[in-house]
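Visitor: Starting off with a structure, shown below.
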Amino acid sequence: MWTFKNSELPKDSGPKGKSNFNDRIFLPDVRTRHLLHRYAVGGEVVRGKKAKILSNPEKQELFHLLKEFPSLVLFLKSVDDGSLRLPPKFRTFVTSLSSSSPVCAYIHPNETVYSLMKDLISGYKIKEDLTKWQLLHQHIPIIYEIMEQCSTSHIPEEMMPLLHELLEISLYPFENLSKDNYADTQMQENEMSFFPSLRTCRARGIYSLDSSRSKPACGKRYKGHPSLLPGVFTLFCPHGVCYGFQVMQSNESPDVPFTIFKTRFKKAPKIVIYDNACALHSYCISRDPLFFKDTIFLVDRLHWDNHSGCSYGYCLDLYPQLNYLNSQTNEQANAGLKRIKDQLSYMTADNFMKHCSLYLWNKNNKKINS
């Protein structure tokens, strides 16, 4: 079996050593990512967006820009058939590399993924091991798609150095972390929150990035009301039962769910499904990567096509073990809340909390007893 030596691995390739979350992507340069995305998509419509196919000069420019990423060049040249587009089976994987999403969004930094990646890098015949083959499908679907169409039982040899580098970058944000990376504030209950089964267990903390106003790579647009508050942020379990809600003081931002998770969860959720999961992932890992290390962030099915520039690591439909989930539970509940919006809008804060709590309690009761 072919193996690679340490001397053959790319050195100082990629964004390792950077402290900013946005620098933990595989390809820092926007132009390089854009050309690679077009090379992978090949003029096809992907998530409702069509990218223009590369010209010959642009393809030459792409490989010139990638000279600092020898592991990627080695892989691309091994699958390049001389045309201006990659074979379709590599599209999901390569578009993830070309996205502005961090590597840890699609190569999740947990023990199962680490073990699978080590097996792939070593040339293990993973197709012949049913248990690991199923785990690969569930935990690293973007690689599973390639392996599924391979004639061999192991990953292509030219891909191994690239996987080695991706594994290193995915783990980097979580290395040498300490729990004192933020300043504690006094723990307080928010009067405009209602989470009866999730009492406050710690303070949110104050982080250096809280004062930053950097624009997220993938954002949401809101139509705000000139005088009324934006609404409520609800949190649901996989069975569709509402844990509670938080009245938002300003337009919805990743800080709302981040604060709920940090202050009310003793351990971060294993999976978070949210229409703006990419921005939430960035927000969480930039502030407390240790707490959210094992959390997988996914975009719900309804909004996935809107995330044309995000990694496929956020795509809920790629994870077969989650096919049973109704990812629109929150949207459906919010549609129900709109029916009482006119009554709630002009109530005092105390009456608002009582009426909204009663409404959601009644919905929960019907759900549990149905």
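The values are calculated or read from the model by the stated rules, or taken from the named source; none is laboratory data. Model, not experiment: these values are computed from the prediction. Positions of Cβ are generated from backbone atoms using ideal geometry, with glycine treated the same way; all protein chains shown enter the neighbour counts.
Visitor: Is it the case, given these coordinates, that Gly43 is of a type outside the set (Ser, Thr, Tyr) and touching a His at 6+ places or on another chain (Cβ under 6 Å)?
Guide: Spelling it out, it is not the case that Gly43 is of a type outside the set (Ser, Thr, Tyr) and touching a His at 6+ places or on another chain (Cβ under 6 Å).
Per-residue answers, yes or no, for (1) charged (D, E, K, R); (2) under 19 Å from Cys242 (Cβ atoms); (3) more than 13 Å from the chain's Cα centre (by Cα); (4) part of a loop (DSSP other than H, G, I, E, B):
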position: Cys278; (1), (2), (3), (4): no, no, no, no
position: Ser282; (1), (2), (3), (4): no, no, no, no
position: Leu302; (1), (2), (3), (4): no, yes, yes, yes
position: Ala335; (1), (2), (3), (4): no, yes, yes, no
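Visitor: With the checklist (1) modelled with pLDDT under 95; (2) farther than 16 Å from Cys104 by Cα in hand, flag the one item Phe261 doesn't pass.
Guide: (1)
Visitor: Tally time: how many residues in segment 209-238 are surrounded by 11 or more Cβ atoms within 10 Å (Cβ to Cβ), among the polar types (S, T, N, Q) and at pLDDT below 85?
Guide: The number of residues fulfilling the criteria is 1.
Visitor: Residue pairs, Cβ under 7 Å, 6 or more apart or interchain, first in segment 101-125 and in the same structural domain as Pro156 (by TED's automatic domain parsing), second surrounded by fewer than 22 Cβ atoms within 10 Å (Cβ to Cβ) and of a type in the set (Lys, Arg). List them.
Guide: That search, which allows pairs on different chains as well, returns Pro109/Lys293; Leu116/Lys132; Asp119/Lys132.
Visitor: Quick test of your reading of the structure: Leu162 fulfils all but one of (1) part of a helix (DSSP H, G or I); (2) at pLDDT below 95; (3) of a type in the set (A, V, I, L, M, F, W, C). Name the failing condition by number.
Guide: (2)
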